[in-house]
Amino acid sequence: MSAKKERRKLDGVLLLDKPPGITSQGAVSRAKRLFGAAKAGHTGTLDPMATGLLPLAFGEATKFAHSLLDADKAYVADVRFGVTTTTGDLEGDVVSTKPVDLDEPRLLNALARFRGEIVQVPPMYSALKHQGKPLYEYARAGTEIVREPRRITIHALELDSFAGDTARIRVWCSKGTYIRVLAEDIGETLGCGATLAALRRTAVGPFSVEAATTLEALEAVPPDERAGALLPADTLVRELPAVALDAGQARRLGLGQSVSGLAAGAGLVRAYGPAGAFLGVCELSTTGVLAPRRLLATS
């Protein structure tokens, strides 16, 4: 029996263009095998039917994945009018069908109602948990759980194209937004119902799908060269201001100690040691004290 292949310690961020038909965790598993990585995770779930940007964090970069969970996101979605399904997309069973009598001005008027801060009820077919169990497990068992409405923000909602019973929309929204629910709510407003026919995530925070690679492209690269596709761990927190430390300050920080005598600040910062080595995320006070919050492990 062959020995189990040893996983290597690998730190960094992969901008992946997820293919349809696999879960986000399935994409993580495939990427993890391709890199031979010991540790990896995603930064926000995409439904199996959806494609597009799924940033993956490897090793120490997983400590900063929460920054993208909270980030705004952009999507291109195809909405099919006149049909509703159990899941809010075409992968579910059809619940109802209605004739569609829409024109573009009426559709544009409906879209306008969903811009800004709105309330959304999370779908039953979601990974949200109730009493420790994902809602989709209750849904598959035929049990309906009462969900609390959530406030979300639709920063932009534009009509890309419209033909007959299908519209392509572009959405820029806050975290926690379900595009399936948005499609359903638009259809309800129009009186004909709607479901999500296709979904592609085009941006997460500052990252765009144009900069992403695919699993197939990674497979075509020799294994010892694949790490070249990874971005550094501090990519995930690059919106934070940076603070440079000398060797002594960096050493104290690495021991979990606060560092004083810095220029005054207020809030989270990226900390760097000599030669620009990323140390982690810290909090800088108005009195110039730098306190560690989430640091990279050091040998």
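A few comments on the model shown:
- Among the candidates Ala167, Ala198, Ala203, residue that is of a type in the set (Gly, Ala, Ser), open to solvent by 20 Å² or more (accessible area, probe 1.4 Å), on the phi < 0 side of the Ramachandran plot and not in a helix (DSSP H, G or I): Ala198
- Gly41 being assigned to a loop (DSSP other than H, G, I, E, B), out of contact with any Lys or Arg (no Cβ under 7 Å at 6 or more places or on another chain) and among the small types (Gly, Ala, Ser): no
- Among the residues listed as Leu255, Leu240, Leu245, the single one being more than 30 Å from Gly26 (Cα to Cα), open to solvent by less than 40 Å² (accessible area, probe 1.4 Å) and over 25 Å from the mean Cα position of the chain (by Cα): Leu245
- Some residue of region 161-183 being at pLDDT 95 or above, out of contact with any strand residue (DSSP E or B) (no Cβ under 6 Å at 6 or more places or on another chain) and over 21 Å from Lys18 (Cα atoms): yes
- All conditions but one from (1) open to solvent by 30 Å² or more (accessible area, probe 1.4 Å); (2) free of Cβ contacts under 8 Å to residues at least 60 places away in the same chain; (3) under 19 Å from the mean Cα position of the chain (by Cα) apply to Asn109; the one that does not is (3).
- Residues satisfying the stated conditions in region 205-231, i.e. in contact with a Ser or Thr (Cβ under 7 Å, 6 or more places away or on another chain) and within 23 Å of Tyr75 (Cα to Cα): Ser208, Val209
- On inspection, Gly52 fails the criterion of being in contact with a Gly (Cβ under 7 Å, 6 or more places away or on another chain), surrounded by 16 or more Cβ atoms within 10 Å (Cβ to Cβ) and on the phi > 0 side of the Ramachandran plot.
The values are calculated or read from the model by the stated rules, or taken from the named source; none is laboratory data. These figures come from a predicted structure and were not determined experimentally. Every residue, glycine as well, gets a Cβ built from its backbone with ideal geometry; the counts of neighbours run over all protein chains shown. When the accessible area is computed, the model is the full protein with side chains, heavy atoms only, and any ligands, DNA or RNA have been set aside. Shrake-Rupley method; radii C 1.70, N 1.55, O 1.52, S 1.80 Å.
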